1. Taking 7 Å along the Cα-to-C-beta vector as the label spot, tell me the residue 49-residue 352 distance in nanometres, rounded to one decimal.
2. Using Cα atoms only, what is the angle between the long axis of helix 72-83 and the major principal axis of the chain, expressed in degrees (0 to 90) to the nearest 10?
3. Could you compute the FRET efficiency for residue 184 and residue 270, with r as their C-beta to C-beta distance and R0 at 35 Å, rounded to 0.05?
4. Given the convex hull of the Cα atoms of the chain, what is a quarter of its surface area in nm²?
5. Taking 0.36 nm per residue of sequence separation and subtracting the Cα-Cα distance, how much length would be gained by fully extending the chain between residue 169 and residue 335, in nm to one decimal?
6. Once R0 is set to 25 Å, what does the formula 1/(1 + (r/R0)^6) return for the Cβ-Cβ distance between residue 286 and residue 368, expressed as a FRET efficiency to the nearest 0.05?
7. Determine, from the Cβ-Cβ distance of residue 75 and residue 225 and an R0 of 45 Å, the FRET efficiency 1/(1 + (r/R0)^6), rounded to the nearest 0.05.
8. Please work out whether region 10-95 counts as rounded, prolate or oblate from its C-alpha gyration tensor, where a ≥ b ≥ c are the square roots of the eigenvalues and a/c under 1.5 means rounded, while otherwise a/b larger than b/c means prolate and anything else oblate?
Ligand SMILES: Nc1ncnc2c1ncn2[C@@H]1O[C@H](COP(=O)(O)OP(=O)(O)OP(=O)(O)O)[C@@H](O)[C@H]1O
Ligand SMILES: [Mg+2]
């Protein structure tokens with residue numbers, strides 16, 4: 001397939017696109033050996049040629065950015081005006097038409113490994129646990145079999161889901177399994193979330209305080225450290241469609257090992273497993289991301305693996321906090337690769353759910369945060 005490349009400086013196009021189209025575009029582009037930017041440019045070139053594109057459902061569309069060849073943005077805007085449709089409808093028609101014109105090559109042929117999503121960044125308190133837990137709940141509601149791993153020694157997630165931490169020296173903790181010292185099958189360490197809405201599909205591997213010693217213990221492990229998490233989870237991976245890890249607020253060995261686990265496996269489609277990064281609309285979050293990304297790049301070059309970035313989640317955003325907060329949010333939104341997957345406001349339902357040790361989707365199933373988590377789950381579900 002040839003993709004048109006214009007000369008000149010590429011221009012940024014910010015439009016709204018539904019989570020489903022974002023996901024399908026990303027997956028299909030990868031299957032055809034294209035990046036999303038080139039696939040979008042191709043989609044638009046096909047759309048300009050078609051005069052009779054049918055209307056497409058755009059409910060739930062949210063901000064999304066891409067680059068077009070020089071002159072591409074004004075051409076797109078003018079064409080939408082000429083056809084008397086909104087830009088959201090125009091891009092949806094273009095992407096839908098492209099997906100229909102480029103059938104899936106591989107999806108049915110390659111059996112994919114369990115999807116692994118590491119929710120992480122070393123900055124504390126930005127919402128890693130909220131995102132990891134909420135996303136896992138939304139996946140389970142969608143019908144997926146989900147394993148949620150409390151990979152943070154603080155054990156916040158375990159407690160907030162109303163579950164108990166694994167006792168120290170019980171031979172049941174994740175760390176003990178990673179060290180080959182598990183005394184029972186790792187399945188025996190799991191808790192099944194009891195809420196009916198999850199239909200027994202949401203399982204938790206609770207935290208244990210021994211993980212506070214994680215880096216010290218792991219640094220004395222002579223070989224196989226990187227693979228230790230994959231080895232520990234291997235016996236239960238086949239029971240799940242997706243595994244979500246709640247990362248710790250640090251950049252040590254524990255993070256390296258978790259990133260290694262979220263690597264793209266052989267034959268796996270791009271941007272399916274990887275890291276999802278909650279941030280705030282503030283300067284320290286940009287600095288934290290730069291550092292996090294440096295560690296990811298170093299890990300990839302040292303161990304020759306690919307760890308994909310699935311996107312940013314801008315959390316606890318409140319535009320009333322002033323122009324600088326709004327500007328920082330826009331700066332995140334302008335990033336195309338990876339882009340912002342979801343923006344969450346600072347809402348009381350999450351704080352209330354935390355206080356009551358109840359899963360958010362059970363406590364306030366119809367709140368804005370719950371809807372946003374479901375939208376994210378639909379976009380990320382492979
Ligand atoms: N969108 C939100 N609206 C309201 N409260 C939120 C939101 N996101 C997170 N919180 C609350 O903010 C606090 C910190 O969030 P959370 O524990 O998810 O952050 P974290 O990044 O996991 O923290 P840590 O670095 O300690 O692991 C929690 O009490 C949580 O319930
Ligand atoms: Mg946390």
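Just so you know, all these numbers are worked out from the coordinates, no wet-lab data involved. Just so you know, these numbers come straight off a predicted model, no measurement behind them. So basically every Cβ, Gly included, is an ideal-geometry build from the backbone, and we count neighbours across all protein chains shown.
1. 5.4
2. The angle comes out at about 70 degrees.
3. Working: r = 37 Å, r/R0 = 1.05.
Using R0 = 35 Å, I get an efficiency of 0.45.
4. Values: hull surface 78.6 nm².
Result: a mean projected hull area of 19.6 nm².
5. Details: separation 166, 0.36 × 166 = 59.76 nm, distance 4.50 nm.
Length gained between residue 169 and residue 335: 55.3 nm.
6. Working: r = 25 Å, r/R0 = 1.01.
The formula returns an efficiency of 0.50 here.
7. On the way: r = 52 Å, r/R0 = 1.16.
Calculated transfer efficiency: 0.30.
8. Details: a/c = 1.43, a/b = 1.16, b/c = 1.23.
Verdict is rounded for region 10-95.
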